[in-house]
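Beneath this line is the structure, given in structure tokens, with notes to follow.
The values are calculated or read from the model by the stated rules, or taken from the named source; none is laboratory data. Because the structure is a prediction, the values reported are computed rather than measured. Virtual Cβ from ideal backbone geometry, glycine too; neighbours counted across all protein chains shown. The accessibility values were calculated without ligands, DNA or RNA, using every heavy atom of the protein model including side chains. Shrake-Rupley method; radii C 1.70, N 1.55, O 1.52, S 1.80 Å.
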Amino acid sequence: MAKRTGLYPGTFDPVTNGHLDIIARAATLVDHLVMGVAINEAKVPLFSLDERVEMLQHETAKISKDTGVTISVEPYENLLMHFAEQVGAQTIIRGLRAVSDFEYEFQMVGMNMQLNSKIETVFLMARAEHQAIASRLVKEIASLGGDITHFTSPYVVRLVHAKLAANGVKFAPRPGKVVALKRGLSKSKAKS
């Protein structure tokens, strides 16, 4: 029987519990899962490409061990369908959170089918508890001092806080909360 290879592409900036849920479920559908870390100049990532690759390698190691599925993490900056062909993927895995995701993804599938009709796209709905999670929102919440522990792993929380601190965001610990003290804001200019 031929090896079933799936490709789950994304920017993963940072990896969220929603991503991890889709990765674990995708691993039950394939023999080998390639995590394609996109280089997208239109998005300004918090983490460098190398940091995102390392983050995904760390976060997928347990899933790979638990499922017995090999999971590789590879950066790409070319057309998704060309990358899928390059890694030998028969399936592209996409996670859906809401109807708005479906509209965009539906359009992408149509275009991708024109480029290579032999590669199928499989949509996995995010579990209810993960449907609102978006990397963009996780970064915003963290940068404003909110608690992101419900949205990503403890490892990624530490990385996000360290990266934001390196970018000048100072955190003031409060019991049960994390409060960011924004760089360059005096008390009179800070929003109440």
For the chain, calculate the relative contact order in percent as a whole number, restricting contacts to Cα pairs under 8 Å that are 6 or more residues apart. 23
Could you tell me the accessible area of Arg97 in Å² (1.4 Å probe, neighbours in place), rounded to the nearest ten? 90
Please give the helix 49-67 orientation as an angle from the longest Cα principal axis of the chain, in degrees from 0 to 90, rounded to the nearest 10. 60
Pick from Ala27, Ala61, Ala166 the residue whose mean-square fluctuation is largest in a GNM of the chain, springs joining Cα atoms under 10 Å. Ala166
The summed charge of the Asp31 Cβ neighbourhood (under 14 Å; Lys/Arg +1, Asp/Glu -1) stands at +2
Ranking His161, Gly110, Gln131 by how far each Cα lies towards the positive end of the charge dipole of the chain (+1 on Lys and Arg Cβ, -1 on Asp and Glu Cβ), the top one is His161
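Please give me the summed charge of the neighbours of Asp50: other residues whose Cβ is under 14 Å from its Cβ, Lys and Arg +1, Asp and Glu -1.
-3
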Along the charge dipole of region 15-100, pointing to its positive end and built from +1/-1 on Cβ of Lys, Arg, Asp and Glu, which listed residue (His19, Ile71, Val44) has its Cα farthest out? His19
Computed for region 76-144: size of charge dipole around the Cα centre, +1 on C-beta of each Lys and Arg, -1 on C-beta of each Asp and Glu, debye to nearest 20, value 120
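What does the helix-only formula give at 222 nm for the chain: each DSSP H stretch with n ≥ 4 adding -39500 (n - 2.57), the total divided by the residues, and the result rounded to the nearest 500 deg cm²/dmol?
It lands at -12500 deg cm²/dmol.
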Among Leu137, Leu164, Leu33, whose mean-square fluctuation peaks in a Gaussian network model of the chain (Cα, cutoff 10 Å)? Leu137
Taking +1 at the Cβ of each Lys and Arg and -1 at the Cβ of each Asp and Glu, which of Met55, Leu96, Leu80 sits farthest along the dipole of region 24-96 towards its positive end, judged by Cα position relative to the Cα centre? Leu96
If you take the alpha carbon radius of gyration of the chain and divide it by 2.2 N^0.38 Å, what ratio comes out, to two decimals? 1.12
Output the 0 to 90 degree angle, nearest 10, between the alpha-carbon long axis of helix 154-166 and the longest principal axis computed from the alpha carbons of the chain. 60
Can you bin region 1-45 into rounded, prolate or oblate? Criterion: square roots of the alpha carbon gyration tensor eigenvalues sorted a ≥ b ≥ c, rounded for a/c under 1.5, prolate for a/b above b/c, oblate for the rest. oblate
Specify whether the C-alpha gyration tensor of region 1-89 places it in the rounded, prolate or oblate class, a ≥ b ≥ c being the square roots of the eigenvalues: rounded for a/c under 1.5, otherwise prolate if a/b is larger than b/c and oblate if not. oblate
Could you work out how far apart the two model spin labels at Met111 and Asn167 are, taking each label as a point 7 Å from the Cα in the direction of the beta carbon, and quote it in nm? 2.6
